Each structure stands twice: as C-alpha cells, then as structure tokens.
Amino acid sequence: MRDQKHDSSSRPSAAGSAPLTPLLTPFLPPSLAEWEAEVQRQLPGISLARELTSPTYESITLQPLYTAADTRALPGLFSLPGAFPYLRGTNASGYRQRTWDIAQELPYPDADEINVALRHDLARGQSAVHLVLDQASRAGCDPDSSDPSQVGTGGTSLASVADIERALASVNLAETSLYIQPDTAAAPFAALLVAACQGNN
C-alpha cells in the first residue's frame, strides 16, 4: 500500500490559528415598521389593519405580529405562582409537589353505575372525579317530568341529593378533586352537592 503524505502547511498552527468564520453572519432584527413595510411590499394594495387583524367576540383585535413592547404594560407580568392576582396559579410550587389530576370522564347514565366505575378507576390511578351531567340535569329538570330521550343522554342523571350520595358513595372528597360540567344548572346542582356533602359529615 502506497504511503500517503499529509501536507500540514495548510493547517493553521495552534499559536497562529486564524479566527473561525461563523456559518451565519449575525444580523439585527427588523423593527416593527420595517416588518410592516416588507409585508406591504409583498402584498401591495391591501390594508394591513383590515386584512391582517382578527377581531374576536370579546372585542379584542388580534394583531398579526406581537413584540416585547406589547407585553411591557401587562398587569401582573412579574407575578409569582401562589401570589395575587394568581395569574400563574394558586399553588406556589406549581406542579412540582402535586402532579396533574387524572380525571377520566365516565359515560354512565345512572348514579349507581358511575359509582362502581369511579371506585374501580380511583383504585387504579385515577385521582379526580369528573362528573358530566345528562341533558335533563344540565337543564335543571326533574328526570321524571323530562323527555325520556334527555335522561341519561350525554352524561349521568343526577337530580337529587340521594342521586349524588349514591354516585359519590365511598369516595373521599377530602382527598379527591371534583370536576363538574353542570351547564345552566350550576347553582341548583351546587346546592344539591353541598347538601349531600353536609349529610355525609
């Protein structure tokens, strides 16, 4: 095999090595005015204020581009978790000490059925109760006087203190979070829930 000679003369020496050339030369970010001018050049004849903004139903106009200047006056920008006004949550340690809740929706129409499923899942990793009310309960209607097609449809029929007690029997609410989707029946269902909890004390 023929010997190969390596010419080291083209390599910079350790003492007198040339500075490395960056692959990408640094550049200054364009200003908002420069960005708008370039967009206008790319899209001639359109109104940026009309075509690139999006009004929402909350009367907020979403801009096509936001910069650091848009956040300087935001309230609570430097607030901390667990501190008023609680923009970053009410828990100072966030989710470091307590992980996210596992709240599986259970598609059972009857209180007894959902209780069996709840106790089964809570013993196997679920950490929160997620109650979804059926159409009749969400409307605040008694299931006995409701359209039968609405009872047990889309959730669980819970229309009385006894229903809630059966659904949550043997569930320790002192250690288990409770999530509910009551829709328009929020106030009456909250009253039933409080009565059920007081009855178990």
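The values are calculated or read from the model by the stated rules, or taken from the named source; none is laboratory data. None of the values given here were measured: they were computed from a predicted structure. We place every Cβ from the backbone using ideal geometry, glycine too, and count neighbours over all the protein chains shown.
Ser93 falls short on exactly one of the conditions (1) free of Cβ contacts under 8 Å to residues at least 40 places away in the same chain; (2) within 30 Å of Ser160 (Cβ to Cβ); (3) polar (S, T, N, Q), and that condition is (2). Looking at the structure I just gave you, is Tyr108 touching a Gly at 6+ places or on another chain (Cβ under 9 Å), loosely packed, with under 15 Cβ neighbours inside 10 Å, over 20 Å from Gln198 (Cα atoms) and among the hydroxyl-bearing types (Ser, Thr, Tyr)? No. A single member of Gln104, Gln97, Gln126 is of a type outside the set (Lys, Arg), touching a strand residue (DSSP E or B) at 6+ places or on another chain (Cβ under 9 Å) and in a loop (DSSP other than H, G, I, E, B), and it is Gln104. Only a single item in (1) assigned to a helix (DSSP H, G or I); (2) under 34 Å from the mean Cα position of the chain (by Cα) is not met by Glu34, and it is number (2). Put simply, of Arg138, Arg88, Arg119 the only residue that is closer than 21 Å to Ala174 by Cβ, touching a Ser or Thr at 6+ places or on another chain (Cβ under 7 Å) and of a type in the set (Lys, Arg) is Arg119. Which of the residues belonging to the range 68-108 are charged (D, E, K, R), closer than 24 Å to Gly125 by Cβ and at pLDDT below 85? Once the filter is applied, which keeps residues that are charged (D, E, K, R), closer than 24 Å to Gly125 by Cβ and at pLDDT below 85, the range 68-108 yields Arg96, Arg98.
Within the range 1-48, if we keep just the residues that are exposed (fewer than 10 other Cβ atoms within 10 Å of the Cβ) and at pLDDT 85 or above, the residue that is nearest to Ala69 (Cα to Cα) turns out to be Ala33.
Quick grid of which residues meet (1) out of contact with any Cys (no Cβ under 9 Å at 6 or more places or on another chain); (2) over 30 Å from Pro81 (Cα atoms); (3) surrounded by 17 or more Cβ atoms within 10 Å (Cβ to Cβ):
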residue: Arg96; (1), (2), (3): yes, no, no
residue: His130; (1), (2), (3): yes, no, yes
residue: Gly155; (1), (2), (3): yes, yes, yes
residue: Val161; (1), (2), (3): yes, yes, yes
residue: Ser177; (1), (2), (3): yes, no, no
residue: Ala191; (1), (2), (3): yes, yes, no
residue: Val194; (1), (2), (3): yes, no, no
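Checking the condition over 24 Å from the mean Cα position of the chain (by Cα), surrounded by fewer than 10 Cβ atoms within 10 Å (Cβ to Cβ) and either within 26 Å of Ala190 (Cα to Cα) or modelled with pLDDT of 90 or more (or both), which residue from Ala117, Ala123, Ala139 passes? Going through Ala117, Ala123, Ala139 in turn, just one is over 24 Å from the mean Cα position of the chain (by Cα), surrounded by fewer than 10 Cβ atoms within 10 Å (Cβ to Cβ) and either within 26 Å of Ala190 (Cα to Cα) or modelled with pLDDT of 90 or more (or both): Ala123. Considering only residues in the range 63-94 that are surrounded by 10 or more Cβ atoms within 10 Å (Cβ to Cβ) and aromatic (Phe, Trp, Tyr), the one that is nearest to Leu52 (Cα to Cα) turns out to be Tyr66.
This table checks each residue for (1) under 30 Å from Val161 (Cβ atoms); (2) touching a residue at least 40 places away in the same chain (Cβ under 8 Å); (3) not β-branched (Val, Ile, Thr).
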residue: Leu74; (1), (2), (3): no, no, yes
residue: Phe78; (1), (2), (3): no, no, yes
residue: Arg98; (1), (2), (3): no, no, yes
residue: Asp101; (1), (2), (3): yes, yes, yes
residue: Val129; (1), (2), (3): yes, yes, no
residue: Leu133; (1), (2), (3): yes, yes, yes
residue: Ser137; (1), (2), (3): yes, yes, yes
